[in-house]
1. Residue check: is residue 125 modelled with pLDDT of 95 or more, surrounded by fewer than 24 Cβ atoms within 10 Å (Cβ to Cβ), assigned to a helix (DSSP H, G or I) and of a type in the set (Val, Ile, Thr)?
2. Take residue 177 and tell me if it is at pLDDT 95 or above and not assigned by TED's automatic domain parsing to the domain that holds residue 25.
3. Within the range 64-79, which residues are of a type in the set (Asp, Glu) and closer than 15 Å to residue 20 by Cα?
4. Is it fair to say residue 96 is buried (at least 18 other Cβ atoms within 10 Å of the Cβ) and either assigned by TED's automatic domain parsing to the domain that holds residue 44 or assigned to a helix (DSSP H, G or I) (or both)?
5. How do the pairs read when you match residues in the range 80-102 that are closer than 14 Å to residue 252 by Cβ with residues anywhere that are assigned to a helix (DSSP H, G or I), using Cβ under 6 Å and keeping only pairs 6 or more apart or on different chains?
6. Name the residue that is farthest from residue 41 (Cα to Cα), counting only residues in the range 58-80 that are surrounded by fewer than 18 Cβ atoms within 10 Å (Cβ to Cβ) and out of contact with any helix residue (DSSP H, G or I) (no Cβ under 7 Å at 6 or more places or on another chain).
7. Of the conditions (1) in contact with a His (Cβ under 9 Å, 6 or more places away or on another chain); (2) within 22 Å of residue 249 (Cβ to Cβ); (3) of a type outside the set (A, V, I, L, M, F, W, C), residue 39 fails just one. Which one is it?
Amino acid sequence: MGVVPLYYREYGDAGPSLILLHGLFGSSANWGSIARELGGQFRVIVPDLRNHGRSPHAEPMDYAAMAEDVQALIDTLGLECPLVVGHSMGGKVAMRLALASPGAVAAIGVVDIAPVAYDHDFSDVFAGFEAVGLASIQGRTEADRQMAVFVPDAAVRAFLLQNLVHEAGRWRWRLNLPVLRAAMERITGFEVPETARYEGPAHFIYGARSNYVQPTHEQVVRSLFPQAVFCSVEGAGHWVYAERRAAFLQCLERLLNA
């Protein structure tokens, strides 16, 4: 399947265009409060990436395809060189888009991820999804209890359970879980287009308590993004913008005002 039309939310209708991209197992809702705040200065577009949220389920599930989906959305909406900011998996989509089509974006913001392969397989998360008896549960409380056997962190479960919806008398996951599981090596990896470099502004915002962005990653970042700027958010883990909102926005403003 080729490009898919992405579902998106829009905040604000004036100023430069800004696209916010969510991470794995997330959706456009994750950026809600940040998008509302920035909507006063920007036209903010927040899509659901393929196989997530309200966007279509499709294969392949890789960064080339996801970047093409975002490029198609830019073209459809007539956005002229938007700023593109992505968290985690969304950050890799932003990097892939900038590397593949440098003229398509004005700048990128990459939140707590690097252009490298990681060794996570999220087997506990998939086990948590599979533990929920969709045909028999009475509500979210029961789903949460079933998932807790494999996902003990209540905050992580709350995030994952945002994908559980009750429609037409039955419970279902909005995520395309079989495709995501099959594509996990591609999602945790990162394929770089040959000889690709992005010479524009590229800000890497990361949580000081997170292990996703390491000092050893700086060399590969700068080889692909020679104008890279790093901004550490003290006290934040992987969920930088949720855990330390004000400090995250300070880092982001440096990019938005660049």
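The values are calculated or read from the model by the stated rules, or taken from the named source; none is laboratory data. Being a predicted model, the structure only gives us computed values, none of them experimental. Note: ideal-geometry Cβ built from the backbone for every residue, glycine included; neighbour counts use all protein chains shown.
1. In short, yes.
2. Numbers: at pLDDT 95 or above: yes; not assigned by TED's automatic domain parsing to the domain that holds residue 25: yes.
Criteria met by residue 177.
3. Step one: list which residues in the range 64-79 are of a type in the set (Asp, Glu), which gives 68-69, 75.
Hit for the range 64-79 is 69, nothing else.
4. Numbers: buried (at least 18 other Cβ atoms within 10 Å of the Cβ): yes; either assigned by TED's automatic domain parsing to the domain that holds residue 44 or assigned to a helix (DSSP H, G or I) (or both): yes.
Yes: the conditions hold for residue 96.
5. Partner pairs satisfying both residue conditions: 84/94; 86/93; 86/94.
6. Among those that are surrounded by fewer than 18 Cβ atoms within 10 Å (Cβ to Cβ) and out of contact with any helix residue (DSSP H, G or I) (no Cβ under 7 Å at 6 or more places or on another chain), it is 60.
7. (1)
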